[in-house]
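The values are calculated or read from the model by the stated rules, or taken from the named source; none is laboratory data. None of these values were measured; they are calculated from a predicted model. Cβ placement follows ideal geometry from the backbone for every residue including glycine, while neighbour counts extend to all protein chains displayed. To get the accessible areas, we keep the full protein, side chains included, count just its heavy atoms, and leave off ligands, DNA and RNA. Shrake-Rupley method; radii C 1.70, N 1.55, O 1.52, S 1.80 Å.
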Amino acid sequence: MTDLIRVELADALHAATLGEGVACDYHQRPKEISTDDSVLLEAMRLVDHPQLQLEQWPEDWVIDAVRCADHAIDEIVAPTRGFEEALISVSLTESNGVVSVSMPSPDDVSVLDFSPATDGTHPILIDQQLVDARQPTDHGIFRWTRIAGMVAAEPPELLRGHIEDLIEGSREVPETVEERI
């Protein structure tokens, strides 16, 4: 992995907070993750998106998802064009009840996989209901890797049906997502 990506990730994500605890984003009910060992994270940076206004998004890398051992991967299985995506392993620290990423230098981040914004499948079709349903800081809900994880987590039937409709209306769908619907 290029040193530039490691430097960018370390600069942008060192001390990024994950809240009062760390839970896997790929479980229907959050599964707590220990902060004693390195943690697998998906990081992303939006470069371009055909349906979203870029002013609404952070300009740098953000943490998109946390993965537990049950959902560990060693590559980005469904990259999305328009997003730079990185699968990283980092250490966490807890201070005053808040868990944060700890990588004060580029040597403290292990980049397992990287997908440039020019790779992957065209983004999922987006509608206002999906935009309204996301948390304000959930910038990666429009990535195919996250969509595949949401479907695999067996969301409530109404949400699942809506996501499947958006998938069916999308311009391209990765095989890993098609297999789950």
Answer from Pro136, Pro123 - the residue that is in a loop (DSSP other than H, G, I, E, B), of a type outside the set (A, V, I, L, M) and open to solvent by less than 30 Å² (accessible area, probe 1.4 Å) | Pro123
Is it the case that Ile73 is in contact (Cβ under 8 Å) with a residue 12 or more places away in the chain, closer than 12 Å to Leu41 by Cβ and in a loop (DSSP other than H, G, I, E, B)?
-> yes
Residue in segment 148-159 that is modelled with the lowest pLDDT, counting only those that are over 15 Å from Tyr26 (Cβ atoms) and part of a helix (DSSP H, G or I) = Leu159
Looking for whichever is touching a Pro at 6+ places or on another chain (Cβ under 9 Å) and among the aliphatic types (A, V, I, L, M) here; the options are Ala78, Ala65, Ala72, Ala133. Which one fits?
-> Ala78
With the condition kept exactly as written, say whether any residue in segment 98-108 is small (Gly, Ala, Ser), buried (at least 16 other Cβ atoms within 10 Å of the Cβ) and under 13 Å from the mean Cα position of the chain (by Cα).
-> no
Condition met for Asp60 (in contact (Cβ under 8 Å) with a residue 24 or more places away in the chain, surrounded by fewer than 17 Cβ atoms within 10 Å (Cβ to Cβ) and touching a helix residue (DSSP H, G or I) at 6+ places or on another chain (Cβ under 6 Å)) = yes
Please state which of the following conditions Thr35 fails to meet, knowing it meets all the rest: (1) farther than 27 Å from Val131 by Cα; (2) assigned to a strand (DSSP E or B); (3) open to solvent by less than 50 Å² (accessible area, probe 1.4 Å).
-> (2)
For residues in segment 38-60 being outside any loop (DSSP other than H, G, I, E, B) and either small (Gly, Ala, Ser) or at pLDDT below 90 (or both), which is nearest to Pro155 (Cα to Cα)?
-> Ala43
All-but-one check, Thr145 against (1) among the hydroxyl-bearing types (Ser, Thr, Tyr); (2) assigned to a helix (DSSP H, G or I); (3) open to solvent by 70 Å² or more (accessible area, probe 1.4 Å), failing number (3)
Answer yes or no as to whether Thr80 is more than 22 Å from Gly19 (Cβ to Cβ), hydroxyl-bearing (Ser, Thr, Tyr) and out of contact with any strand residue (DSSP E or B) (no Cβ under 8 Å at 6 or more places or on another chain).
-> no
When you go through (1) of a type in the set (S, T, N, Q); (2) at pLDDT 95 or above; (3) open to solvent by 30 Å² or more (accessible area, probe 1.4 Å) one by one for Ser95, which number turns out not to apply?
-> (2)
Residue check, Ile33 against (1) within 11 Å of Leu92 (Cβ to Cβ); (2) of a type in the set (A, V, I, L, M, F, W, C); (3) modelled with pLDDT of 90 or more, all met but one. Which one?
-> (3)
